[in-house]
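Taking it in order: structure first as structure tokens, then the write-up.
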Protein chains: 2
Amino acid sequence: MTAQNFLTALSQALPEIPVKTDADSLDNWGKDWTKHFAPDASAIVFPKTTEEVAAIVKLANEHGTPLVPSGGRTGLSAGAVAAHGEVVVSFDRMNAIGTFYEADRMVEVEAGVVTKALQEFAESKDLYYAVDFASSGSSQIGGNIGTNAGGIKVIRYGMTRNQILGLTVVTGKGDILELNGGMLKNATGYDFRHLFIGAEGTLGFVTKALIKLEKQPVNLTAMVLGVPDFNSVVALLDRFGKALNLTAFEFFDNVAMDKVLAAGHAKPPFDSRTPFYVLLEFEALSDDVLDVAMGVFENCAEDGLIEDGVMSQSVGQLHELWKLRESISETISVFTPYKNDVSVLISHLGNFIADIETIVKENYPDFEICWFGHIGDGNLHLNILKPDNLSKDEFFAKCQTVNTLVFDTVKKYKGSISAEHGVGMTKKPYLDYTRSQAEIDYMKAVKAVFDPNNIMNRGKIFDV
Amino acid sequence: MTAQNFLTALSQALPEIPVKTDADSLDNWGKDWTKHFAPDASAIVFPKTTEEVAAIVKLANEHGTPLVPSGGRTGLSAGAVAAHGEVVVSFDRMNAIGTFYEADRMVEVEAGVVTKALQEFAESKDLYYAVDFASSGSSQIGGNIGTNAGGIKVIRYGMTRNQILGLTVVTGKGDILELNGGMLKNATGYDFRHLFIGAEGTLGFVTKALIKLEKQPVNLTAMVLGVPDFNSVVALLDRFGKALNLTAFEFFDNVAMDKVLAAGHAKPPFDSRTPFYVLLEFEALSDDVLDVAMGVFENCAEDGLIEDGVMSQSVGQLHELWKLRESISETISVFTPYKNDVSVLISHLGNFIADIETIVKENYPDFEICWFGHIGDGNLHLNILKPDNLSKDEFFAKCQTVNTLVFDTVKKYKGSISAEHGVGMTKKPYLDYTRSQAEIDYMKAVKAVFDPNNIMNRGKIFDV
């Protein structure tokens, strides 16, 4: 029982750190939103400072106790699941918003700050935190950084990576590194900040971050467009992308629309129903911009790329239109969806989606597919919905077979098997569809540099 | 003579790779723009493909022959100087612009493509390559990536790092890695692309890159402002930065203005002379934007932040105003400047520059200082001009002492001793002013993973 020895040593060395070992807590903090692995944590520890995290890591090294970092537990790849007796390090108590650097439009936050709290802080300063996605009310900044979270505004503002001007991390050896110090320009050797972003806690744990805030967008305006086929979706991205500075370009199919409307989560945008829908957004900085948008709309409609459409005239209508897209995940969750989160170059999207539809239709004619995603980033969410006549286990087993076919197609187009959800445990068996064996070998060697005893989130991304 | 054995083996294995060993070539390709180290290369080799680079690296490992990468040789930190008998790997023959991915606004280029050629290619596609600086006519993309080059448009578009969607590299072990494949979203483990960017060729050599292109900016408009003191420069950044989407915010002092005008490299922007000048630029998307800019200008003038100013009314005037800023480096080069390229948070700029001026005035009252830089990025170029009564050697020796005082001040404000020029050999002794000993130790360990025999740009950034 290495975990027990570790916990005894911890309670002696740092009695001020709360520890939970009751069954409810072990279940609650032992898992994330994925349901593929049963949680089996030994304990949950709740440090308050970077120094306490470093002390925990050093003790864990002494006792050979693996640690799992735990943020908002909204992950979709089992990156924060403790399934093998690990001790969970929760960042729930490290949720302070620290110094605000007004001239730099930058704020220091602890890893446990919830995304929405950061968004609200930014608003209180008349600024904007540009990363946003469905789980922003629960997800924590540390977890966002661990998976380099994306979301719905990437086309304009980039991934979480683009917002991180500095990081404080505790490596697997227990060293505290303060990386980049918030500077926009710093050419002094290897930028380890970017190595820790997206490393899913396998090299070390992020304890603080310096976050870049943006100016608030002005007069955001959305269009929802009914579109006859997927190639038209890509053509619309090209035409609107050239004419406007888009802040979002999302798509979803009629299956998603059906489910969202049936659940009463949003109102129909217009009377027509079409195979696909686009939700695009831009800053209407002037009437000129609105005229440009309307001109593109009319040309696209004449060319048959758009069958129907609507543009928001108020903030209220903007939010109504966004509900069509934002409520998809929650709506389809009752259908036990098997989720894939893939990306390919935009240039390959049309052929890629046609290939996938053929594969699923040929092999699984009774599966209903729901497509949505961030087309402006080449990022597709493929959701396979469970037929009523299959048990959950049978369904997931069949989906594993689909996976291989889908990932073969991702590989054919040199795409990514995980665009923004990370690898964790669910995508670990498929890592070599996107990364070469040489890359994976270098990953393992770099892991050994920062975490020689394999303490930090062991068994995530790859096995060493 | 390991280099001789290496060259013999290379000529046998790969006779198609040109090799130069004449004295002029050894001098030409053996150095960059820094003059602190005498070039002493053993040979220059000119591969044409990534596979040839990999073969060269593998042979160099067999013979223990260190290699120095060589691009446009415009570096300012001796990062591409072969001062210890190394074999230089020139990328001059790897200068092809490859596949253009229109829908992704992305192009693949070889490492030897000159920055300006990429800018011109982008223009030919009605797009824009956003990294620009004084040496864009000579610098090569591979070198830009090695130092994560910055320049005059960082405030809007970010560093070179932000434009790189994929990299092909040859590691120090001779492995070819294709990193990230051009995707905007790819959460499949460690993003080694970002580890190689800014690594100055010490982990491996970049052979190709997938580059993101931007939409062309519209109706760029510049203002040059005469400013009474440095704190007003920072205040103007705040006011104009809030009101406009700036594409540049540069500053220079009256010493720079004096030299540029005396050399006839630009015309006076207005009659007044002031201690500092700001050059700011924005897209005048509409008359509204011009009205906003003029409103801010008038308010700032009323508040005493601006003493005089001018706004460009045409593309010709825009280029005229930029000459004031862009010709500084060339103009002052005749004064044998000792260059420092530092950055601190914008929040600290005012105190930092006051501290530095005090230090130099107190210790070196006979030194003339010329300040300019990218204030919008917290990046200051401090140039100390050689007094006539000092020899070059005496002057450089004294500047080394100034360095320590300057870097102590950088450290006090947690800044960077090299914002965009890299470390190379000139900043190597000072690396620990910005990076902790733990970070430097991890850098060495990561270097050992990718380049275990210390073949790749040995002795740059740090000694192993």
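Every number here is computed from the coordinates shown, using simple stated rules; none is lab data. This one's a predicted model, so the numbers in the text were calculated from it and none came from an experiment. When we count neighbours, we look across all protein chains shown, and the Cβ atoms used for this are built from the backbone with ideal geometry, even at glycine.
Just so you know, the Cα atoms of the range A:332-450 work out to an Rg and Dmax of 15.2, 50 Å.
Sorting A:H265, A:H348, A:H374 from the fewest to the most surrounding beta carbons within 10 angstrom yields A:H265, A:H348, A:H374.
Volume per residue, Å³, of the convex hull around the alpha-carbon atoms of the range A:220-329? Intermediate results must be reported in sequence, preceding the final value.
Working: hull volume 9.7 nm³, N = 110.
Given the Cα convex hull of the range A:220-329, per-residue volume reads 89 Å³.
For the pair A:D238 and A:E298 in one chain, pulling the backbone fully straight at 0.36 nm per residue adds 20.1 nm over the alpha carbon distance.
Once C-alpha pairs closer than 8 Å and six or more residues apart are averaged by separation and normalised to the residue number of chain A, the relative contact order reads 16 percent.
How high is the FRET efficiency from A:V464 to B:F270, r the C-beta distance, R0 51 Å, rounded to 0.05? The partial results should precede the final answer.
On the way: r = 65 Å, r/R0 = 1.27.
With a Förster radius of 51 Å, E is 0.20.
In a shell of Cβ-Cβ distance under 12 Å around B:F335, excluding B:F335 itself, what net charge do Lys and Arg (+1) and Asp and Glu (-1) give? Net charge in that neighbourhood comes out at 0.
In the P(r) worked out for the range A:174-237, what percent of Cα pairs fall beyond 20 Å?
Working: 1157 of 2016 pairs.
The calculated P(r) of the range A:174-237 puts 57 percent of pairs beyond 20 Å.
Per-residue mean of foreign Cβ neighbours for A:103-111 is 3 (Cβ atoms of other chains, 10 Å radius). For chain A, the equivalent ellipsoid derived from the alpha-carbon gyration tensor has semi-axes of 39, 27, 20 Å in decreasing order. Note on the range A:2-93: Rg/Rh from C-alpha atoms, Kirkwood Rh, equals 0.95. Seen from A:N379, the other residues with C-beta closer than 9 Å to its C-beta sum to a net charge of -2, counting Lys and Arg as +1 and Asp and Glu as -1.
All C-alpha to C-alpha distances of the range B:62-173, sorted into 10 Å bins beginning at zero, yield P(r) values of 13, 45, 30, 10, 2 percent in whole numbers.
Per-residue mean of other chain beta-carbon atoms within 10 angstrom of the beta-carbon, peptide A:434-446? Write down the numbers at each step before the final one.
Working: counts 7, 9, 5, 1, 6, 8, 3, 3, 12, 5, 1, 6, 9.
Taking the mean over all residues of the peptide, I get 6.
In angstrom, the C-alpha Rg and Dmax of the range B:368-415 are 12.6, 36. Mean per-residue shielding of peptide B:191-204 is 4, counting Cβ atoms of other chains within 10 Å of each Cβ. Our estimate of slack between B:D287 and B:T99, defined as 0.36 nm per intervening residue step minus the Cα-Cα distance, is 63.8 nm.
Treat the count of other C-beta atoms within 10 Å as a stand-in for reagent exposure and order A:I369, A:I44 from fewest to most. Before the final figure, lay out the partial values.
Details: A:I369 17, A:I44 23.
Least crowded to most crowded, the residues run A:I369, A:I44.
A dipole drawn for chain A from +1 and -1 charges on Cβ atoms has a positive end, and of A:A419, A:I455, A:S327 the residue lying farthest that way is A:I455. Computed from the C-beta positions of A:H319 and B:N254 and an R0 of 60 Å, the FRET efficiency is 0.70 to the nearest 0.05.
Computed from label points 7 Å out along Cα-Cβ, the spacing between B:D432 and A:E330 is 5.5 nm. Evaluated on the protein assembly as shown, the Kirkwood hydrodynamic radius is 29.1 Å, with distances taken between all distinct Cα atoms.
Its Cα centre serving as origin, chain A has a Cβ charge dipole (Lys and Arg +1, Asp and Glu -1) of approximately 1220 debye.
Each label point was placed 7 Å from the Cα along the Cα-to-Cβ direction; for A:L390 and B:T8 their separation is 6.6 nm.
Cβ-to-Cβ counts within 10 Å put B:F407, A:F251 in ascending order as B:F407, A:F251, the fewest first.
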